[in-house]
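The values are calculated or read from the model by the stated rules, or taken from the named source; none is laboratory data. For clarity, every value in this text was computed on a predicted model and none was experimentally measured. As a convention, Cβ positions derive from the backbone with ideal geometry for all residues, glycine included, and neighbour counts pool all protein chains shown. Accessible surface areas use protein heavy atoms only, side chains included; no ligands, DNA or RNA. Shrake-Rupley method; radii C 1.70, N 1.55, O 1.52, S 1.80 Å.
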Amino acid sequence: GHAVNSQSIRRTELTAPSPSQDETCVQAPPRFSVVIPLYNKGPHIDATLRSALSQTLAPHEILIVDDGSTDDGLAQCRRFDDARIRTFSRSTPGPGGYAARNMAIREATGDWIAFLDADDRWHPDHLETLWAAIRSAGDVG
């Protein structure tokens, strides 16, 4: 089996709306940018993307950075018809995918970054569980 990657970092400060006079506060759902570095993971990327797209808390966007792959992984990603998926390419692979992750972080528009390796899959409630953990931690960052 594949490990579940639970790394997440805050992209920007989240602001909750001011409470109304009756002290009720409704917070907008979080916008997770899912970052997937891709290097020769063609046999796995379809299942990985499906696990990200089937989250109970839908991701704001999924950023895939191909890091100089020689297989069909990037072509598989481009077959998905979902506006949340954005693909990027680097011609020279970086060590350990860090350069690809950094490139995706720079392009991200969400409030939070969630890393997903191209050969891993998430449980359907991964982002929802991650958001609950973030909220229960109080002031993070």
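Listed values, structure above:
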| item | result |
| --- | --- |
| Long-range neighbours under 9 Å by Cβ, at least six apart or interchain, first residue farther than 18 Å from Ala75 by Cα within segment 86-103, second among the acidic types (Asp, Glu) and open to solvent by 40 Å² or more (accessible area, probe 1.4 Å) | Gly97/Asp117 |
| Residues within segment 90-122 that are open to solvent by less than 10 Å² (accessible area, probe 1.4 Å), assigned to a loop (DSSP other than H, G, I, E, B) and under 18 Å from Ala58 (Cβ atoms), tallied | 3 |
| All positions within segment 108-134 that are in contact with a Leu (Cβ under 6 Å, 6 or more places away or on another chain) and charged (D, E, K, R) | Asp111, Glu128 |
| Residue check for Leu57: in a strand (DSSP E or B) and not small (Gly, Ala, Ser) | no |
| Any hit, segment 65-73, residues being hydrophobic (A, V, I, L, M, F, W, C), open to solvent by 40 Å² or more (accessible area, probe 1.4 Å) and closer than 16 Å to Gly42 by Cα | no |
| Of the criteria (1) closer than 9 Å to Val35 by Cβ; (2) touching a Phe, Trp or Tyr at 6+ places or on another chain (Cβ under 9 Å), which one Ala108 fails | (2) |
